[in-house]
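Participant: Sharing a structure here in C-alpha cells format.
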Amino acid sequence: MALSYSTAIRNAQLDAVTTAVGTTAKLRIYSGTRPANVAASITGTQLAELTCNATFAPAASGGVLTLNAITSDSSADATGTATHFRLWNSAGSTAMVDGDVSTSGADLNLNSVSLTSGGSVAVTSFTITAGNA
C-alpha cells in the first residue's frame, strides 16, 4: 500500500527543492537516454542551459511548486533531440532534480524537442507536483 501525505508535507518537500537549488539554478536540457537517477552521470549531449530566476519559486501551494520566470537560452549549445533535463544548483555543480522532456505529457514540455545549435530555447512555465496525495 502506498503512503499518502498531507498537503502541508507535500508543500514542505517542494519548498525544500527551492532551498536546495538556491538562487539562479541552472536548467540544462540534454539529448540521449535519461540516466537511471539524478546521481548518475549524463550520457547525452547538453543542448541548452537556461537560468532560473534569482527567486526560484514562491512557496508551494496545494502540493505544486510553480517556478518563477526562467531566462531563455538565446543560443543553444548543440543540435539534437531533447529527451531529458536536470536542474542544477546555482553553481551548476550539483544535480538536484531530473526528468523527461517531450512536447506533451512529460515532466518538462517544450514546443519542439528538435533543438538547433545557436537557436533560442525558452520555457514559458514550469511546475513540479508532489506525488502521494
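Read-outs throughout are calculated quantities, based only on the coordinates presented, and are distinct from any laboratory measurement. This structure is a prediction, so every number in the text was calculated from the model and none was measured. Positions of Cβ are backbone-derived with ideal geometry, glycine not excepted, and every protein chain shown enters the neighbour counts.
Participant: Using only Cα positions of the chain, each an equal point scatterer, no hydration layer, compute I(q)/I(0) via Debye at q = 0.16 Å⁻¹ and quote the log10 values to two decimals.
Facilitator: Treating every Cα as an identical point scatterer, log10 I(q)/I(0) equals -0.80.
Participant: Something else: Would you calculate the separation in nanometres between label points at Thr124 and Asn109, each defined as 7 Å from the Cα along the Cα-to-beta-carbon direction?
Facilitator: Going by the 7 Å Cα→Cβ label model, 1.1 nm.
Participant: Could I ask something else about it? In nanometres, what is the gap between the two model label sites at Ala78 and Ala12, each 7 Å from Cα along Cα-to-Cβ?
Facilitator: Label at Ala78, label at Ala12, 4.1 nm between them.
Participant: Moving on to the next point. Run the paramagnetic zone check for Thr45: 7 angstrom along Cα to Cβ, then residues of the stretch 103-120 with backbone nitrogen under 12 Å.
Facilitator: Label zone hits: 115-118.
Participant: Using alpha carbons only, how many angstrom separate the centre of the stretch 46-124 from the centre of the stretch 1-41?
Facilitator: 13 Å
Participant: If I model a spin label at Thr24 and Asn132 as a point 7 Å from the Cα along the Cα→Cβ vector, what separation in nanometres do I get?
Facilitator: Reported label-point gap for Thr24 and Asn132 is 3.5 nm.
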